[in-house]
1. Identify the single condition in (1) without any contact (Cβ under 8 Å) to a residue 60 or more places away in the chain; (2) surrounded by fewer than 15 Cβ atoms within 10 Å (Cβ to Cβ); (3) over 15 Å from A:Gly277 (Cβ atoms) that A:Ile324 does not satisfy, given that it satisfies every other one.
2. Is it true that A:Gly143 is outside any helix (DSSP H, G or I) and either buried (at least 23 other Cβ atoms within 10 Å of the Cβ) or of a type in the set (Phe, Trp, Tyr) (or both)?
3. Looking at B:Val34, is it under 17 Å from the mean Cα position of the chain (by Cα), within 13 Å of chain A (Cβ to nearest Cβ) and farther than 30 Å from B:Gly174 by Cα?
4. Given A:Ala172, A:Ala215, which one is within 8 Å of chain B (Cβ to nearest Cβ), at pLDDT 95 or above and surrounded by 21 or more Cβ atoms within 10 Å (Cβ to Cβ)?
5. All but one of (1) more than 16 Å from the chain's Cα centre (by Cα); (2) away from chain A (no Cβ under 12 Å); (3) not small (Gly, Ala, Ser) hold for B:Arg135, so report the exception by its number.
6. Suppose we keep only residues that are surrounded by fewer than 18 Cβ atoms within 10 Å (Cβ to Cβ) and at pLDDT 85 or above within region A:288-302. Which one would you say is nearest to A:Gly245 (Cα to Cα)?
7. When you scan region A:225-247, how many residues do you find that are assigned to a helix (DSSP H, G or I), modelled with pLDDT under 85 and facing another protein chain (nearest Cβ under 8 Å)?
8. Check A:Asp222 against each of (1) charged (D, E, K, R); (2) within 12 Å of chain B (Cβ to nearest Cβ); (3) touching a residue at least 24 places away in the same chain (Cβ under 8 Å); (4) assigned to a helix (DSSP H, G or I) and name the one condition it does not meet.
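The values are calculated or read from the model by the stated rules, or taken from the named source; none is laboratory data. Keep in mind that what you see is a predicted model, and the values were worked out from it rather than measured. Please note: Cβ atoms are built from the backbone with ideal geometry, for glycine as well, and neighbour counts cover all protein chains shown.
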Amino acid sequence: MTAVEVGSSATSSGVQSATKSNFLATVAAYLMTNDHRRLGRMLISISAIFALATAVEGALLAAERISTSSALLGSDIIVQLFSAFRFDLIYAVTAPLMLGLAVAVVPMQIGARSLAFARAALLGFYLWFFGVVLVGTAYLNNGGPGGGDAEMVDLYFGGLGLVVAGLLLISASVATTVLTSRRAGMTLIEAPIFSWSALVTSISMLVTLPVAVGALIFVAVDHSYERSTFGASDGVNAWLGWAFGAPQVFLVAIPTLGVLAQIVATMTKGKQPLRGGLLIGVGLMSTAMLASVTQTSHTVTFSGGLGEIAKSLVPYLLFNDLSILGVLIVLGLCLLAMKNERAKLDAAFVPAFLGVGMVLTGMIGSAVQKITNLNLANTVFEEGVLVYVTYGVLLSSIGAVSYFGPRIWGRQMPSTPVIGLGLLGFLATVLASLPFFIAGFADQPAATVTDFKYSGPAWLWNSLVTVGHLLMTLVVLLFIGLAMKSFRKGELNTATSADLFESVKG
Amino acid sequence: MSTTANALGAGPKMIVRRPILVLAGLLSTVSAMVMGSMLAIWLDFRSNAPLRESTDGTKMLRDWLPENIKIPEVATNTMMMTFVITCVMAQWAIYSSRRNDSKHTSLALGVVLLTEIALINAQLAVYTQMGIGVRDGSYMTMFYAVTATMLAMIVVCTGFTLLALFRSIGGRSGDKDLVIAHAVYCYAISAIFSMLWLVVYVQK
């Protein structure tokens, strides 16, 4: 009996040891991986966790504005929280999420054995991750833009530098993969539309982010030594503010068009009609790059003579509305393809389509904001634009993960919950941003939680936004749970390559 | 039975697209954008500097470069010339590499390495001769930021040269793409320095 017990104990201990060893081996394999799917999974998973924190930040900021007379948080924290919210939306959530999808999917789509310079991309992941952690630490210790702790502000600059360097490395890896690792016979024009959009985003990031690095170096050196030329920690918003809003965020949203077009192309099981037009649409969206690099906000004023209006209208249309035209072209062509009688609705289409719709709404909002007669500058309208676009990207990512997931994880996701979460995410996005569009017209100031009063029901708009952010937190949480369950115990992937990737030559 | 009848047709022609060259191109673009951004800010500050009377009172000058600062033009012009030599040597490395002449490839890369060390030395000499502190004012802070960024790019290029040199010495004479990519980055760095040289050292 004793012998059995000892044996049992020994066996159990052996199993435990083996399990522990397997677990450690898996962790180690992930930490040092050069497999693009693992790296993509890491980027997507960690971005999703950061998305939860970001939505909570948004809810806190909106809740703080429900009543202007009472304050939940200290004034220092509020300043940091506004800045952290903008940083997180773009650099901790949407950019790595889209690049993570690209890392996981692009090599499979173009028939490459692996990601080009996979170890550089892994280094990029680490730089980005630890950069976000450092930036978060700086924010928590009053070290963000306008922060009072000098050492923490230096930490913020260091962290921001790491984040940008990491994203640049990953972008370079993705761009090089699409440009050089396509299977024999596949020309660039024949590359699947998602890969094409990933290439456009990567190149756009490689061109725009270094401009931010140049300004960051000046601001950081000034803060460390002189603290007057660039406004010390306050200089961040003046010199780097453009990198935390529109149109820079549009560049991150380009792959949402690729995701939608990819899903539609395979839903119709045929060749995408007017594929060239689709590529032009995706490319047009990168005109936002021009506005980002030049850091110029082209506004239009509808007053004075026709000549004066035309003078400001042309650059306004070029810099703000050409990108919108790109999205409209892609949406139009996708809807045209849906007229194909062989088209069969895919669950992933719902969040992907709604996501692009939200991005489009944000872009239209951004263009409206540039009409100076409407006096929307420095109001919460700008925050509404940012949330529309970034939550649109989140929605699109839900579609992308459920669509590409079977090829990345090997198991399928159930359709009904994906459609349900897509619709819930749509509601969350509208609630989190539309009230700020309305409040913007009522002149609710941006980045302020006190000292504002206007004739409309301010408490209502801010309460709705709070609910919207909380709902998005719930959507992300539910989707993470659904994905974990599906990709562990869901149905095995039965889809073929033809089901998942468009056939260019149809 | 004829065996030729069952032979498989030739597969699609393999396309070698040279990822290291594309990466070098992207790295060059990133470097150019960083420096372009910094020089744009430099020009913005310079054009917005307040006006002051010249010492003889005959004309108005932009109050940008402090009067007590003298830029050592010999050292900076020598740096520009050294970059030209670097480019020629990098091209010599390609020429030799294409002819599988590993001795001359290594020699050329060795000379490139020496010129890069000379560039770093020259930049440090410029700092010493100018004798200004980074905290001394706007111009000084910006001068150190922009030139130190250039210095960092030269150091990255030196690392690239060391990599190419080690591989060449180690017998990887067939590694032509790396030598070409190295040269691409050298040319890019030279072009970037020429922008900086014109804006910061010549126009001041």
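1. (2)
2. For A:Gly143, the condition - outside any helix (DSSP H, G or I) and either buried (at least 23 other Cβ atoms within 10 Å of the Cβ) or of a type in the set (Phe, Trp, Tyr) (or both) - is met.
3. yes
4. Only one candidate passes the filter, namely A:Ala172.
5. Of (1) more than 16 Å from the chain's Cα centre (by Cα); (2) away from chain A (no Cβ under 12 Å); (3) not small (Gly, Ala, Ser), only one is false for B:Arg135: (2).
6. Result: A:Thr299.
7. So the count comes out to 1.
8. Of the numbered conditions (1) charged (D, E, K, R); (2) within 12 Å of chain B (Cβ to nearest Cβ); (3) touching a residue at least 24 places away in the same chain (Cβ under 8 Å); (4) assigned to a helix (DSSP H, G or I), the odd one out for A:Asp222 is (3).
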